[in-house]
Amino acid sequence: FTLLVSPAPPNLYFEQTTIVYVEGEAAGPGVQTRTWHAGQRMRLEASDAPGGPALILHLDQDRAWRLDPERQVAVQLDGARLRARSQADAAFAGGLMGGGEEDAVRSAPLEGTRTIAGHECRGFRLTGPSVQMVVWVAEALPVGVDVFTDFLEWSGASRSLGGLLAGVRALPGFPLRTHTRVEALGEIRETVSTVTAIEVGPQPDALFEVPAGWRVETEPAAPPQNGEPE
């Protein structure tokens with residue numbers, strides 16, 4: 001009798017730039033993010049340089065911290081509140097894009113290839129009721145979009161994105177560029193996210209922990225809702 005255990009996905013680090021366009025005009029200079037992934041642990045920084053404000057997630061322990069390097073303070077976040085915010089954001093986005101409609105998204109391959117972050121990529125067009133998404137995936141990388149599955153399941157966002165997320169998950173590789181086009185509220189909005197650097201391999205454990213010597217604070221309690229006692 002042999003017990004077969006699926007191997008854990010490799011650890012991963014990548015840098016990404018995201019730009020939003022409204023009616024063809026960039027809404028700003030874009031946001032640069034850095035993401036580290038190691039099993040059930042993640043670190044996210046919205047910065048083009050290391051050591052900035054960060055979010056650390058331990059999904060298996062339902063724990064999260066927001067790091068403030070200037071004050072050397074780590075704020076321990078309420079996992080339920082963080083999930084509720086993530087799910088609300090995803091539900092709103094999924095409603096605008098029609099992504100919550102199961103089996104509503106069609107996928108078709110594009111001709112040719114592109115080189116993104118040093119990797120050859122194939123393109124696919126996903127089409128839903130009110131959204132179009134072009135995704136370029138690298139098949140040679142030993143990771144897939146399932147790297148994000150644990151976070152999406154933990155946050156509840158996967159339920160809101162429905163068919164759109166299922167379409168992305170079915171693609172054969174890791175997405176290095178996504179271009180989403182949505183017509184909503186009378187405007188055409190486009191979001192272009194491009195991975196500019198990616199490394200697959202072990203990541204330092206210290207990245208996923210509160211630095212030694214930092215003060216740890218607890219997130220303030222949420223204000224009471226109408227009808228709830230103070």
- Query: Which residues' amide hydrogens lie under 5 Å from the amide hydrogen of I116, considering only partners 5 or more residues apart or on another chain, with H built in the peptide plane?
  - Reply: C121
- Message: Can you give me the long-range amide H partners of N11? Hydrogens built in the peptide plane at 1.01 Å from N, cutoff under 5 Å, separation of 5 or more residues or another chain.
- Response: G201
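Give me the net charge of W214's neighbourhood, meaning all other residues with Cβ under 13 Å from the Cβ of W214; Lys, Arg count +1, Asp, Glu -1. Let's see the in-between values first.
On the way: positive: R66, R71, R215; negative: D68, E70, E209, E217.
So the surrounding residues net to -1.
Counting Lys +1, Arg +1, Asp -1, Glu -1, what net charge surrounds A108 among other residues with beta carbon under 13 Å of its beta carbon? If you can, show how the numbers build up before the last one.
Values: positive: R106, R122, R125; negative: E111.
Once positives and negatives cancel, what remains is +2.
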- Item | Solvent-accessible area of E190 with every protein chain in place, 1.4 Å probe, in Å² to the nearest 10 | 40
- Message: Please give me the summed charge of the neighbours of I19: other residues whose Cβ is under 12 Å from its Cβ, Lys and Arg +1, Asp and Glu -1.
- Response: 0
- Query: Once you put a point 7 Å from the Cα of D62 and another 7 Å from the Cα of E23, both along the Cβ direction, what distance in nm separates them?
  - Reply: 4.6
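The values are calculated or read from the model by the stated rules, or taken from the named source; none is laboratory data. If you're wondering where the values come from, they're calculated on a predicted model, not measured in any experiment. Because the Cβ atoms are built from the backbone with ideal geometry, glycine has one as well, and the counts that use them run over all protein chains shown. We work out accessible area using only protein heavy atoms, side chains counted, and drop any ligands, DNA or RNA first. Shrake-Rupley method; radii C 1.70, N 1.55, O 1.52, S 1.80 Å.
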